[in-house]
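Shown next, in structure tokens, is the structure this report addresses.
Every number here is computed from the coordinates shown, using simple stated rules; none is lab data. As the structure is a computational prediction, the values presented were derived from the model and not from experiment. With ideal geometry, Cβ positions are generated from the backbone for all residues, glycine too; neighbour counts draw on all protein chains shown.
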Amino acid sequence: MANPQLEDGHTQIANEILGALMRIYLPPNQWQVLLCIIRKTYGFKKKVDWIANFQIVEATGLGKTIVSRALKALESRHMIIRNGKTLGFQKNWELWAVSSPANPIAKVSNPANNEKLAIQSTELAIQSTELAIQSTELAIQSTKVSSPRVTQKKKETITKETIQKKEYGEFHNVFLTVEEHQWLKERLQGKVGEYIDRLSGYLESTGKDKYKSHYATILNWYRRDENNGRHKQGIGKLPSEAEITDSIRRHGQ
């Protein structure tokens, strides 16, 4: 059992418009399309909106061809304002070129109202242009926020970095490239295994890895110990991360 309630949504329309609609004659198909346009504009507190033909087809159950013909007829009767897919109801009933119920064949038109129709069509075109500009700006912002190409490039970079590094340490949780490991072996004078296991044990005991670069971590630990006097003087200087990156780039080429 149907139980419509205003709280579930309603379409507000002036009584003067309803009175004017009661005095005109329209074919049934045009009535259905006109009511659909009113529902999709006034029903959402809008004067005009982008309404595609398929939306009217789904709402009314009419065929595509019938809907297209009805729209053309309503536009020629000046009962709707149309600009592409942007549709609106012409509430100024004095502009309607329609028939009366008593004489459906005799159509009433008012040429003096052509200027008003031209002004309203221009206003509708301006509104449509503003909507198009807003949509374009939104599309640009969306591209800046989440460009598929940028996202894919980041994924490829992360994947390459992960593949190039190997596992080291007692718990296999220290990650170094082959070249990074070789640099450490040459400069730490036999202490590379000690520092790798030291980092590996620390990572295993804490259960989390806060270091972006294990090479840089070992390098910093070694330099700190060296400054504290735990190593003999004369030990060669370890290469910086920038030097490592340049070396990898040269060998890769």
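Applied to the stretch 53-59, the Karplus parametrisation 6.51 cos²θ - 1.76 cosθ + 1.60 on θ = phi - 60° returns per-residue 3J(HN,Hα) values of 4, 5, 5, 5, 4, 5, 6 Hz, with x for Gly and Pro.
Net charge near Glu16: determine it from the other residues with C-beta under 14 Å of the C-beta of Glu16, scoring Lys and Arg +1 and Asp and Glu -1. List each step's numbers first, then the result.
Details: positive: Arg23, Lys91; negative: Glu94.
Here the count lands on +1.
Which length gain, in nm to one decimal place, applies between Asn29 and Phe54 when the Cα-Cα distance is subtracted from 0.36 nm times their residue separation? Don't jump to the answer; show the numbers that get you there.
Values: separation 25, 0.36 × 25 = 9.00 nm, distance 1.51 nm.
Stretched fully, the Asn29-Phe54 segment lengthens by 7.5 nm.
Label separation (Asp197 vs Leu6): 8.4 nm, computed from points 7 Å beyond Cα along the C-beta direction.
Where does each of 179-187, 14-22 land if you order them by average Cβ count within 10 Å, highest first?
Values: 179-187: 17.2, 14-22: 11.7.
In descending order of packing, they fall as 179-187, 14-22.
Between Ala97 and Asn15, the FRET efficiency estimated from the beta carbon spacing at R0 = 25 angstrom works out to 0.65.
For Thr86, the residues whose amide H sits under 5 Å from its own are Ile51, ignoring neighbours fewer than 5 places away on the same chain, with H placed 1.01 Å from N.
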